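The values are calculated or read from the model by the stated rules, or taken from the named source; none is laboratory data. Note that the structure is a prediction, hence the values are computed from the model and not measured. Remember, those area values only see protein heavy atoms, side chains included, never the ligands or the DNA or RNA. Shrake-Rupley method; radii C 1.70, N 1.55, O 1.52, S 1.80 Å.
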Amino acid sequence: MRMNSAIQAAVDLTAGAAGGTACVMTGQPFDTAKVKMQTFPDMYKGIVDCFVKTYKQVGFRGFYKGTTPALVANIAENSVLFMCYGFCQQIVRKIVGVDRKTKLSDLQNAAAGSFASAFATLVLCPTELVKCRLQTMHEMQLSGKIRQGHNTVWSVVKGVLQKDGPLGFYRGLSSTLLREVPGYFFFFGGYELSRTFFASGRSKDELGPIPLLLSGGFGGSCLWIAVYPVDCVKSRIQVLSMAGRQTGFMGTFANIVKNEGVFALYSGLKPTMIRAFLANGALFLAYEYSRKLMMNQIASY
């Protein structure tokens, strides 16, 4: 049977949600370390120091602060991302003038992923802001930037609404866009290029779990290497705006470079790269297998 666009979109959205869940459950402790080290680089000497201090001060649960909004963020982002990825692939086919069933090149898939990420940003920014604030609440109190922290998702949401209104959830939107659009070009480009390498002339759909894990990890690593300084600026804006008015992207970027040096933009890179490989490997494995399962079920009817 020929699958219509609505069913295809529903399959991609559901598979994206499965991938987003796998991504968070695999990589959350490393993401927490990343955000802490980006925002408060003077407090931690490295990834091991960050893990040890977090465990001593907050306990094991400290590594999973912000998991609920992280799950919401990743499920929402990846659902929209992979659904729009399918649509954007069709747009790219029309632009280059090929049939809708024609396989796109790795470069064309990368462009489709980049376009799709712009739509995903709109659902990602609010939930990621809540996640980042929860992850760094202890450090904000410890540094004296705020007197009393909000330790639940609802208290953070209520605080944002009271202080800045609904638009307060879009603090760091420009930074998120600057990260997502070029980042997902490298993300999907790296993933498809790696799958092409492992396929060696065969169909990419025939790849097993190990090549998919490695390809997803490679794609995630490409993303973060390319856009990490932008993500560092985004984290600063979203977290430090709790304490008062925060400058925009260029002002925050210039302030970090001037006062802390260029290398401060790479604080937390090590846990990010570990997380990127593990979490994105899990993301694509869950996405591809759940998508294949649903497509086979639909085709059998």
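Table for the structure above
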item	result
Pairwise centroid distance, computed over Cα atoms, of the stretch 189-219 with the stretch 21-43, Å	27 Å
16 Å Cα-Cα reach of Lys103 towards aspartates and glutamates, excluding residues that sit fewer than 8 places from it in its own chain	Glu192, Asp205, Glu206
Cα-based Kirkwood hydrodynamic radius, the stretch 210-267, one decimal, Å	12.8 Å
Average projection area in nm² (convex hull over Cα atoms of the chain, one quarter of hull surface)	16.3 nm²
Mean shadow area of the stretch 174-225 over all directions, Cα convex hull, nm²	3.5 nm²
Under Karplus coefficients 6.51, -1.76 and 1.60, residue-wise ³J(HN,Hα) of the stretch 85-97 in Hz, glycine/proline x	4, x, 5, 5, 5, 5, 5, 4, 4, 5, 4, 8, x
Whole-number accessible area per residue in Å² for the stretch 91-153, which is evaluated in the context of all protein chains at 1.4 Å	51 Å²
Convex hull per residue volume in Å³, alpha carbons only, for the stretch 1-96	128 Å³
Hz values of 3J(HN,Hα) by residue in the stretch 100-111 - Karplus curve (6.51, -1.76, 1.60), Gly and Pro given as x	5, 9, 5, 6, 7, 6, 4, 5, 5, 5, 4, 5
Straight-distance crosslink candidates among lysines, where the alpha carbon sits under 18 Å from Lys258 and sequence neighbours closer than 8 are dropped	Lys234
Rounded to whole Hz, the Karplus (6.51, -1.76, 1.60) HN-Hα couplings of the stretch 43-60, x for glycine and proline	7, 10, 7, x, 5, 5, 4, 5, 5, 5, 5, 4, 5, 5, 7, 10, x, 4
